[in-house]
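**Student:** Starting off with a structure, shown below.
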Amino acid sequence: MSNQADAGPEITATPYHLGIIMDGNGRWAKARGLPRAAGHQAGVDNIKRILEHCVQRGVKVLSIYAFSTENWGRPPEEVSGLMRLLGLTIQRQLNELHKNGVRILHSGRLEGIHPQLQKQILHALEVTRNNERITLNVAFNYGGRAEIVDAVRHIIRDGVRPEDLTEQVLSSYLYTADLPDPDLIVRTGGEWRLSNFLIWQAAYAEYYTTPTFWPEFDENELDKALIEYGQRE
């Protein structure tokens, strides 16, 4: 895995399914003397820019790591702020996303999320369910291990026999059952961990990390990742 592309600007291959671990919001804010909430807002604002560029580059599925099951351990005021931010984002941007042909999916557990926010999430899924321009898969209250545990629970509940359990069957019980596995996982903020993101689905994905914090990860930064992806064999 490399931090930067070493070739010219030509993009020779585009991932069908791109996953992004959006890291560095808090550090971006701290470097500017701003509260962490300002970093999270800047991070949310950046999603639209990257989503539009993904459409231009031919990406069909964009999965973003928005809130992990481990994030509940953050300070309560930060968690409540993140919940409010998601609710406001859905409220303000849903109509535009729908108008632009974006299908929204949710990966994660609804349990534990405030009932009003659950309703907003389910409403967004229903409104955009038939859109085909690009799929935005939002991993919210998500954990890769929790996803596998949930899948196994459903498999047992459905009475699947041990001899009938295959990788394909298990995949069909994951949150991402209707999506192809990711081709490329990008992590911003300089860390090298998967952090429990799509750990089953990303078994054969390419990886790319950059020290750029998520709020500053712009179209040029995404192109660098796509250029390097095209050089992988």
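**Student:** Hey, what's the chain come to in accessible area per residue, 1.4 Å probe, Å²?
**Tutor:** Computed with neighbouring chains in place, this is 53 Å² per residue.
**Student:** Once label points are set 7 Å from the Cα along Cα→Cβ at both residue 48 and residue 80, what is their separation, rounded to one decimal in nm?
**Tutor:** Rounded to a tenth, the inter-label distance reads 2.7 nm.
**Student:** Sorting 156, 20 by accessible area (1.4 Å probe), largest first, what list results?
**Tutor:** From most accessible down to least: 156, 20.
**Student:** Which peptide among 138-150, 46-58 comes first, and what is the full order, when sorted by highest mean count of other Cβ atoms within 10 Å?
**Tutor:** Going by the mean number of other Cβ atoms within 10 Å, highest first, we get 138-150, 46-58.
**Student:** By how many nm would the segment from residue 233 to residue 200 lengthen if fully extended, with 0.36 nm per residue of separation less the alpha-carbon distance?
**Tutor:** 9.8 nm
**Student:** To continue, here is another question. What accessible surface, in Å², does a 1.4 Å probe find on residue 217, ignoring ligands, DNA and RNA and rounding to the nearest 10?
**Tutor:** For residue 217, the solvent-accessible surface is approximately 0 Å².
**Student:** Considering the convex hull of the alpha carbon atoms of the stretch 99-186, report its projected area averaged over all viewing directions, in nm², one decimal.
**Tutor:** It is 7.2 nm².
**Student:** Return the long-range amide H neighbours of residue 135 (sequence gap of 5 or more, or a different chain), with a cut-off of under 5 Å between placed amide H atoms.
**Tutor:** 61, 62, 103
**Student:** Next question, about the same structure. Tell me the accessible surface of residue 23 in square angstrom (1.4 angstrom probe, heavy atoms of protein chains only), to the nearest ten.
**Tutor:** 40
**Student:** Got a sec? What order do 214, 192 fall in by accessible area at 1.4 Å, biggest, i.e. largest, first?
**Tutor:** Values: 214 5, 192 145 Å².
Greatest to least solvent exposure: 192, 214.
**Student:** While we're on this one: Rounded to the nearest percent, how much of the accessible area of the stretch 139-202 (1.4 Å probe, protein heavy atoms only) is carbon and sulfur? All intermediate terms of the calculation are to be shown ahead of the outcome.
**Tutor:** On the way: 1720 of 3330 Å².
Of all accessible area on the stretch 139-202, carbon and sulfur atoms account for 52 percent.
**Student:** Please list, in order, the residues from the stretch 46-65 whose amide nitrogen is less than 17 Å from a point placed 7 Å along the Cα→Cβ vector of residue 96.
**Tutor:** Hits in the stretch 46-65 for residue 96 at 17 Å: 46-56.
**Student:** Assuming R0 = 41 Å, what is the FRET efficiency of residue 31 and residue 127, from their Cβ-Cβ distance, to the nearest 0.05?
**Tutor:** 0.65
**Student:** Return the ratio Rg/(2.2 N^0.38 Å) for the stretch 1-98, where Rg is computed over Cα atoms only.
**Tutor:** 1.25
**Student:** Follow-up. Hey, what D do you get for the stretch 47-160 in µm²/s if you plug the Kirkwood alpha-carbon radius into Stokes-Einstein at 20 °C and 1.002 mPa s?
**Tutor:** Stokes-Einstein gives a translational diffusion coefficient of 141 µm²/s.
**Student:** Right, here's the next one. Can you figure out the FRET efficiency of residue 164 with residue 223, using R₀ = 41 Å and their beta-carbon distance, to the nearest 0.05?
**Tutor:** The computed FRET efficiency comes out at 0.40.
**Student:** For the stretch 106-149, what is the per residue volume of the convex hull drawn over the alpha-carbon atoms, in cubic angstrom?
**Tutor:** For the stretch 106-149, the hull spanned by Cα atoms encloses 77 Å³ per residue.
**Student:** Keeping all protein chains in place and using 1.4 angstrom, which order do 65, 173 fall into by accessible surface area, from largest down?
**Tutor:** Per-residue accessible area, sorted high to low, gives 173, 65.
**Student:** Using a cut-off of under 13 Å, list every residue of the stretch 58-83 whose amide N is near the label point 7 Å from the Cα of residue 191 along the Cα-to-beta-carbon line.
**Tutor:** From the stretch 58-83, the list is 65-74.
The values are calculated or read from the model by the stated rules, or taken from the named source; none is laboratory data. These figures come from a predicted structure and were not determined experimentally. Backbone-built Cβ (ideal geometry, glycine too); neighbour counts: all protein chains shown. Keep in mind that these areas ignore ligands, DNA and RNA; they rest on the heavy atoms of the full protein, side chains included. Shrake-Rupley method; radii C 1.70, N 1.55, O 1.52, S 1.80 Å.
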